[in-house]
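The values are calculated or read from the model by the stated rules, or taken from the named source; none is laboratory data. If you're wondering where the values come from, they're calculated on a predicted model, not measured in any experiment. FYI the Cβ positions are ideal-geometry reconstructions off the backbone, even for glycines, and counts take in every protein chain you see.
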Amino acid sequence: MGLLIRNVLAVLPAGQAHAVARHDLYVEGNQIAGIDEEPQGFVATQTIDGTRRLAIPGLVNAHTHTYMSMMRNAADDLAFTDWLFGTVVPIEDRLEPEDAYWGALLTQVEMIRTGTTCFNDMPMFVDQIARATRESGMRAVLARGLQGDAYDRDDFRLAQTMAARRENADCSRLTFRLGPHAPYTCGPNYLRMIADVAREEGMGIHIHIAESQDESDNMLRDHGCTPVEYVRDAGIFEAPTIAAHCIRVSESDRAILAQHGVSVVTNPASNMKLGNGFAPVPEMMAAGINVCLGTDGAASNNAQNMFREMGLLALIHKGTHDTPQCVSADEVLSMATRNAATALGLPIGSIEVGKKADITLLDLDAPSLTPLNNAVAALCYSASGSEVSDVIIDGRIVLRNRELLTVDEERVRFEIARICARLGLQG
Ligand code: NI
């Protein structure tokens, strides 16, 4: 079984930057097996003519909550605490496991159609998200959101994570992390327990840190430290950690994050929409922190489209720092691809021999990509995601000429409408 993408303009890594040139890409099984050089014994059972296509590494959404898509546009223009505790949590309390399955499928349809091949998720009902992901063909890292106060290894949510991890051990596209929700929803003993389990089980962590000014103010008042210090002192950073947001991080916080090799996921649309400000991305890059990019959930974004995030990230820091030279298009593309691969510890994020075959193709006849002049700049400043024509994940074509081959989209829309009606949402 081999897939040949012939004569395609491809974005390949070149040091810290990217190089764009025409290549033949050979995919064997779930791996990129050759670039321009046909692997021995290769038999092309499928061929894609890449003449009018641009091949990029599949985008990686490094922070989201895929089950939330039925809450899209259901809680907007509200203050953060009103948004979370006044609207989102009361809806979450009424969600059934099956709702999370359909919500996750809808999010995955949106992500595949806009070129995302892998996502780092913090869901409820982790087994339902695993089920949806097995069906869609996407690659995912799942960390069931955990909250608590006590050192409690019998915590049923933690048990859910471990059960889902065991049940899905046969699916190489699924890996699992531990997901303590945030410093303001997890007590120090609970975080210490999560850190201990992570170390013993060899698992990574996915957590929200320093998302709002209120979070930092309350932490200083109640514990006399910053959210970053609180999480560090509980031992969380002893495990490989991915921290979402990190908006309110001082120079000393940034030094702590860098020293512990914490990867940070910035979520520009969500952060702006909730009025939380901007993560100090240029300053984090200068401190040597591995910065990645995510959408956050549909209730706070309200799209799951990484092209929109790349565009925002490439622009907002230029605006806030009064210089166009603080975050380049090349760096943004890396944040959406190989930086996330580093954070997740997965062999993805670049078109290279030996990497998993997660490849997105864009239609070069799209007006937004004409003329192309600079492909990497086009990805950040011109593309909207609508140019995505084909998506290959783990060597399998899941989107072919804009036709989704893995999910019945009409059924998903029907089920989401049914769920919205039950929850009293407009649908
Ligand atoms: Ni989040």
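Of all the residues in the range 214-230, those that are within 16 Å of the ligand (Cβ to nearest atom) and either closer than 19 Å to residue 177 by Cβ or buried (at least 21 other Cβ atoms within 10 Å of the Cβ) (or both) number 2.
Hey, can you tell me all the residues within the range 53-77 that are under 25 Å from residue 129 (Cβ atoms), crowded, with 24+ Cβ neighbours inside 10 Å and hydrophobic (A, V, I, L, M, F, W, C)? Those that are under 25 Å from residue 129 (Cβ atoms), crowded, with 24+ Cβ neighbours inside 10 Å and hydrophobic (A, V, I, L, M, F, W, C): 59, 60, 62, 68, 70.
Taken together, 134, 173, 166 contain a single residue that is more than 22 Å from residue 257 (Cα to Cα), buried (at least 21 other Cβ atoms within 10 Å of the Cβ) and either within 16 Å of the ligand (Cβ to nearest atom) or under 23 Å from the mean Cα position of the chain (by Cα) (or both), which is 173.
Return yes or no: is residue 264 within 15 Å of the ligand (Cβ to nearest atom) and among the hydrophobic types (A, V, I, L, M, F, W, C)? When the stated conditions are applied, residue 264 passes them. Per this entry, residue 146 is counted among residues that are closer than 22 Å to residue 85 by Cβ and either at pLDDT 95 or above or more than 16 Å from the ligand (Cβ to nearest atom) (or both). With respect to residue 269, is the statement that it is under 19 Å from residue 386 (Cα atoms) and either touching a Gly at 6+ places or on another chain (Cβ under 6 Å) or more than 16 Å from the ligand (Cβ to nearest atom) (or both) true? Judged against the criteria, residue 269 is not a match.
Kindly evaluate residue 256 against the criterion of being touching a helix residue (DSSP H, G or I) at 6+ places or on another chain (Cβ under 7 Å), part of a helix (DSSP H, G or I) and more than 16 Å from residue 122 (Cβ to Cβ). Taking the combined requirement at face value, the residue satisfies it.
Residue-wise test of (1) surrounded by fewer than 21 Cβ atoms within 10 Å (Cβ to Cβ); (2) within 16 Å of the ligand (Cβ to nearest atom); (3) at pLDDT below 95.
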{"position": "79", "(1), (2), (3)": "yes, no, yes"}
{"position": "87", "(1), (2), (3)": "yes, yes, yes"}
{"position": "103", "(1), (2), (3)": "no, yes, no"}
{"position": "106", "(1), (2), (3)": "no, no, no"}
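Can we say residue 98 is charged (D, E, K, R) and within 14 Å of the ligand (Cβ to nearest atom)? Explain how you work it out, then say what you get.
Working: charged (D, E, K, R): yes; within 14 Å of the ligand (Cβ to nearest atom): no.
Taking the combined requirement at face value, the residue does not satisfy it.
What do you reckon, is residue 296 among the acidic types (Asp, Glu), modelled with pLDDT of 95 or more and more than 16 Å from the ligand (Cβ to nearest atom)? Against the criterion (among the acidic types (Asp, Glu), modelled with pLDDT of 95 or more and more than 16 Å from the ligand (Cβ to nearest atom)), residue 296 does not qualify. Scan the range 262-279 for residues that are in contact with a Cys (Cβ under 8 Å, 6 or more places away or on another chain) and in a loop (DSSP other than H, G, I, E, B) and the total you get is 1. Residues that are in a helix (DSSP H, G or I) and either free of Cβ contacts under 8 Å to residues at least 40 places away in the same chain or crowded, with 23+ Cβ neighbours inside 10 Å (or both) within the range 280-292 comprise 281, 283, 284, 286, listed in sequence order. Hey, any hits in the range 203-213 for a residue that's more than 14 Å from the ligand (Cβ to nearest atom), assigned to a helix (DSSP H, G or I) and either more than 27 Å from residue 309 (Cα to Cα) or in contact (Cβ under 8 Å) with a residue 40 or more places away in the chain (or both)? Yes, because at least one residue in the range 203-213 is more than 14 Å from the ligand (Cβ to nearest atom), assigned to a helix (DSSP H, G or I) and either more than 27 Å from residue 309 (Cα to Cα) or in contact (Cβ under 8 Å) with a residue 40 or more places away in the chain (or both).
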